[in-house]
Amino acid sequence: MRARWEQLAGWAGAPEDGASVRVYRALIGLLLAGALVRLHLTGWTGPLFLEPTFRFEYEAFAFVPVIPKALVPWALAVGAVGAVVLGFGAGMARRLGGVVFLACFGWLKLYDVTNYLNHDYLAFLLGALLTVLPLDGPSLPRWALWLLRFQVGVVYVHAGLAKVNTDWLVHGQPLETWFAANRGLPVLGPLLALPFAPLLGSWAACLYDLTIPFWLSARRTRPFALVAVLVFHGATHALFDIGIFPFLMTLNATLFLDPSWPRRLGWRPVAVAQGGRPLGAALAVGLAMYVAFQALFPLRSHLLGDDVLWDEQGMRWSWKVMLREKNGAVSYRVRAKGETREWQIDPRDVLTARQANEMSGQPDLIVQLGRHLGRDLAQKLGRPVEVFVDARVSLNRRAPRLLFKPEVDLMTLENLRQALNESPRRASSPESVAVR
Amino acid sequence: MHLRIVLNILLIWCAASCTTPSPTPNPSDAQLQRQALETFDAALARPALEKTVTDFAALREAVDGWARAAQGQDAQALTSAKAAFETAFLTWQRVELLQLGPLGAATQVTAGEGLRDEIYSWPTTNLCRVDSALVANTTPDDAYFATALVTSKGLAVLEELLFNQSTANACLPNATINTNGSWAMLAGSPALQERRKAWALGVARHLEATARRARDGWSAPGGFGDKLTQAGAMGSVWRTPKDGLDDVYAGLFYADRWVKDFKLGAPAGITPACMAQSCPALAESPRAGLSTKALVENLVMTRAIFTGSFEQTSSAVGFDDLLVERGAGALKDEMLQKLDAAVAAARALQRPVAVAATEDLDGLQALHAAVKAFTDLFKSQFVTTLSLKVPKEGAGDND
């Protein structure tokens, strides 16, 4: 047993050429800096940070102080500088740059739940790994390279697993809806109009996500896999507004190449250190915990409910990427306790258009806003109030369904899961499903 | 072995696609989207803007007649001006649904110039500002309107000037013009009416000029209308025709926010803007009493944009045809039925909203419910089926 561990520790600690990760780190640094600068240049800081008068909090991160609006441009600028230093710096400078980037990026991204993006989470994780891993010098320990590969692979595989559902694989939804909307595109449009395109696209995307890390890892299939990466992410870039995601994932694919690949392009030869240090037990335990968390945490939706697309329980931090076309008409009914006089409140009274659209299909955010409105009105009336919600949500072209029972008081709701388990939408018969 | 795996995968995929009602292939789909844009532009937007210019010119002329008439002999001229106002106001109510392009908010829509608020900023109004300007004897000329806030110009101000013939002002008792006696002094002299006339004429001129600006910005060669109908072409600001439809869709939100919430919900005591049983004072068109007629025009235009025509049945291409093409004929029928019910309920109200808020609150609340029944579908399955998005919602990325 001990001998086997020593063998494994020796293998994991063996040095790999650091050339590819060096190039990768530089490009990721530039990409992340560009992502922050782009937020400013597109004017999105307004709708994302400056215009909202109400913010949806991450319950798990409620301890993080809210970034003052005046600091948003500074956080963007300083974060971008940090990302560049993370990409090009060495030693303490690299780590300091990484910490600065992570602090600014994280602070900005935790501002409002409706700003959540899977690729932001991935960018943060990769930034953190590039900060803490031992990446200085001409080589890096094999476990560090494989941890980066694992991080990318786990995203793909979970994104693929999330696509194994009836809507995606049988109905071709939501790709069918998105393809139809994009049939006016030059070149791609006529292809999207082909009758089998949505199902073909759905299956291809699912199989791609589930298997691409393995095709990239095998030397024989790697060239084809790289072409697939370029085609797949090129197509998603052309079709969807998913920001840096296609570029991020294309760069990530380079992690699977031979670690010395930049040398073939003329990278100045630097000797790779020989020997290396076997993986220590404490580090191994830490790595195992990180790997287990990344492998298992995205699966929690299976424990939290039976339909994550409707209930959104376990939707975030789980690589459930571009899975649904979901929109809702939400209005709250508020009344003083014990009275019959009711007021209806439209979320747009307090939210920006973007926030209202994002929250309309997410039950936890619907509850969060309802409670805020309730507290607000209770203060005005000087009495406790009850808040009910009329949330009619359409998922992947289905007729709208009520997410909450009309008599559920959001102010006293203790168990969101139970409320969702009793949701009227579950009473819908399969025949009423309107997807095609 | 590999071949067998590939064949198995193909078999599974084939089985799935064979047991699923397959999407109806329609290569002319993008063409339909473009036709919907062309219909919207040619049959609805351009004629509505042209009629606005005509009616606003007639309004300016009528107000001019009233302004020139001598005091004591101007009753007939005032009646004509009021009639012209009603015509122009109701024409404008259809244009309210066109909150895109030059009429849309400058920071929120493609090529927005904010001209809607310049013409009619309701429910954002501040009539006290105008009364203060009357006291200050401010000249209501182009220079003034170029920099003045939207609350001191537009149809709401003109309505106040034409229909309020009393000597009361719209300011609070503790406003300076009331506490320092300057209003009382003006109200006691013939100068009040003269200044009101001058202001009314200034506002009417500004309305006409702004309506022309909106019409030209939309309908002139190379204007917004031309650009919209070319959505998706090389160099267009819209990537696809569907992206152009997103802007039209965003304009339709008027039926949800303005019609449902502001025009009905607030006076009917449904929204927290009104904490009393009902709030007639929050109704639109408080002086002229045109609120219900305005609602009918808003809903008729909503229906026209949805179907592509003002006719009850028509072959014009609208959002309804896009739904049918997407296999959602039942949704189209349901939305039309709810929209027709809302129009019928608005017509049945038969009295201004402010009056209904006290005399027929049930009727008003029923109308609100009828509009909500339509907008609930509009904001959920309709948008999901056509994958529409309000451009303003598009800030930021997805995934």
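The values are calculated or read from the model by the stated rules, or taken from the named source; none is laboratory data. Worth saying up front: this structure is predicted, and the values here are computed from it rather than measured. Here the Cβ is made from the backbone with ideal geometry for all residues, glycine too, and neighbour counts use every protein chain on show.
Criterion applied to B:GLY72, B:GLY101 was being of a type in the set (Gly, Ala, Ser), under 30 Å from A:PRO190 (Cβ atoms) and out of contact with any Pro (no Cβ under 7 Å at 6 or more places or on another chain), and the one residue passing it is B:GLY101. Counting only residues that are hydroxyl-bearing (Ser, Thr, Tyr) and either more than 10 Å from chain A (Cβ to nearest Cβ) or on the phi > 0 side of the Ramachandran plot (or both), segment B:378-399 holds 1 of them. Only residues that are farther than 19 Å from A:ALA33 by Cβ and either among the β-branched types (Val, Ile, Thr) or part of a helix (DSSP H, G or I) (or both) were counted across segment A:238-249, and they come to 2.
Say whether the condition of being buried (at least 18 other Cβ atoms within 10 Å of the Cβ), under 25 Å from A:ALA159 (Cα atoms) and more than 14 Å from chain B (Cβ to nearest Cβ) is met by at least one residue in segment A:71-79. No, segment A:71-79 has no match at all.
This table checks each residue for (1) surrounded by 22 or more Cβ atoms within 10 Å (Cβ to Cβ); (2) of a type in the set (A, V, I, L, M); (3) assigned to a helix (DSSP H, G or I).
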{"residue": "B:ALA143", "(1), (2), (3)": "no, yes, yes"}
{"residue": "B:VAL157", "(1), (2), (3)": "yes, yes, yes"}
{"residue": "B:THR167", "(1), (2), (3)": "no, no, no"}
{"residue": "B:ALA170", "(1), (2), (3)": "no, yes, no"}
{"residue": "B:ASN174", "(1), (2), (3)": "no, no, no"}
{"residue": "B:TRP183", "(1), (2), (3)": "yes, no, yes"}
{"residue": "B:LEU192", "(1), (2), (3)": "no, yes, yes"}
{"residue": "B:ALA200", "(1), (2), (3)": "yes, yes, yes"}
{"residue": "B:THR210", "(1), (2), (3)": "yes, no, yes"}
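Just for segment B:354-393: of the residues that are within 27 Å of B:GLY289 (Cβ to Cβ) and under 19 Å from the mean Cα position of the chain (by Cα), which one is surrounded by the fewest Cβ atoms within 10 Å (Cβ to Cβ)? Only one residue fits best here, namely B:ALA370. Reported count of residues in segment B:258-311, each being more than 16 Å from the chain's Cα centre (by Cα) and either within 30 Å of A:GLU339 (Cα to Cα) or not in a loop (DSSP other than H, G, I, E, B) (or both), is 19. Looking only at segment B:362-377, residues that are hydrophobic (A, V, I, L, M, F, W, C) and away from every other protein chain (no Cβ under 13 Å) come to 4 in all.
Could you look through segment A:157-172, keep only residues that are in contact (Cβ under 8 Å) with a residue 24 or more places away in the chain and of a type in the set (Val, Ile, Thr), and pick out the one that is nearest to the other protein chains (Cβ to nearest Cβ)? Among them, the one singled out is A:VAL164.
A residue that is aliphatic (A, V, I, L, M), free of Cβ contacts under 8 Å to residues at least 60 places away in the same chain and under 20 Å from A:GLU59 (Cβ atoms) can be found somewhere in segment A:387-397.
Between A:ARG348, A:ARG333, A:ARG341, the distinction of being in contact with a Pro (Cβ under 9 Å, 6 or more places away or on another chain), surrounded by fewer than 20 Cβ atoms within 10 Å (Cβ to Cβ) and closer than 24 Å to B:ALA369 by Cα belongs to A:ARG333 only.
If I filter segment A:132-150 for residues that are modelled with pLDDT of 95 or more, within 14 Å of chain B (Cβ to nearest Cβ), surrounded by fewer than 21 Cβ atoms within 10 Å (Cβ to Cβ) and touching a helix residue (DSSP H, G or I) at 6+ places or on another chain (Cβ under 6 Å), do I get at least one hit? Looking through segment A:132-150, none of the residues is modelled with pLDDT of 95 or more, within 14 Å of chain B (Cβ to nearest Cβ), surrounded by fewer than 21 Cβ atoms within 10 Å (Cβ to Cβ) and touching a helix residue (DSSP H, G or I) at 6+ places or on another chain (Cβ under 6 Å).
Residues that are more than 17 Å from the chain's Cα centre (by Cα), touching a residue at least 24 places away in the same chain (Cβ under 8 Å), surrounded by 24 or more Cβ atoms within 10 Å (Cβ to Cβ) and in the same structural domain as B:ASP41 (by TED's automatic domain parsing) occur at least once in segment B:114-132.
Here B:LEU228 clears all of (1) of a type in the set (A, V, I, L, M, F, W, C); (2) surrounded by fewer than 21 Cβ atoms within 10 Å (Cβ to Cβ); (3) farther than 22 Å from B:ALA136 by Cβ; (4) in the same structural domain as B:ALA81 (by TED's automatic domain parsing) except the condition numbered (2). Within segment B:95-124, being on the phi > 0 side of the Ramachandran plot and assigned to a helix (DSSP H, G or I) holds for one residue alone: B:GLY101.
Of the residues making up segment B:299-356, just one is at pLDDT below 95 and basic (Lys, Arg), namely B:ARG326. Considering A:LEU279, A:LEU287, the condition of being in the same structural domain as A:PHE61 (by TED's automatic domain parsing), assigned to a loop (DSSP other than H, G, I, E, B), touching a residue at least 60 places away in the same chain (Cβ under 8 Å) and under 30 Å from A:GLU16 (Cα atoms) is satisfied by A:LEU279 alone. Only one of the numbered conditions (1) buried (at least 23 other Cβ atoms within 10 Å of the Cβ); (2) away from chain B (no Cβ under 14 Å); (3) not acidic (Asp, Glu) is violated by A:ARG222, and that is (1).
Scanning segment A:173-209 for residues that are under 26 Å from the mean Cα position of the chain (by Cα), surrounded by 20 or more Cβ atoms within 10 Å (Cβ to Cβ) and facing chain B (nearest Cβ under 7 Å) returns A:GLU176, A:THR177, A:ALA180, A:ALA181, A:ASN182, A:PRO198, A:LEU199, A:TRP203. Taking each residue of segment B:53-64 that is touching a residue at least 12 places away in the same chain (Cβ under 8 Å) and looking for partners that are assigned to a helix (DSSP H, G or I) and β-branched (Val, Ile, Thr) with beta-carbon atoms closer than 6 Å, six or more apart or interchain, yields B:ASP55/B:THR87; B:ASP55/B:THR91. Quick one: in segment B:284-298, which of the residues that are among the hydrophobic types (A, V, I, L, M, F, W, C) and within 15 Å of B:VAL157 (Cα to Cα) is surrounded by the most Cβ atoms within 10 Å (Cβ to Cβ)? The extreme case among them is B:LEU290. Give me the residue from segment B:218-242 that is outside any loop (DSSP other than H, G, I, E, B) and within 14 Å of chain A (Cβ to nearest Cβ) and, out of that set, nearest to B:THR384 (Cα to Cα). Out of the qualifying residues, it is B:LYS242.
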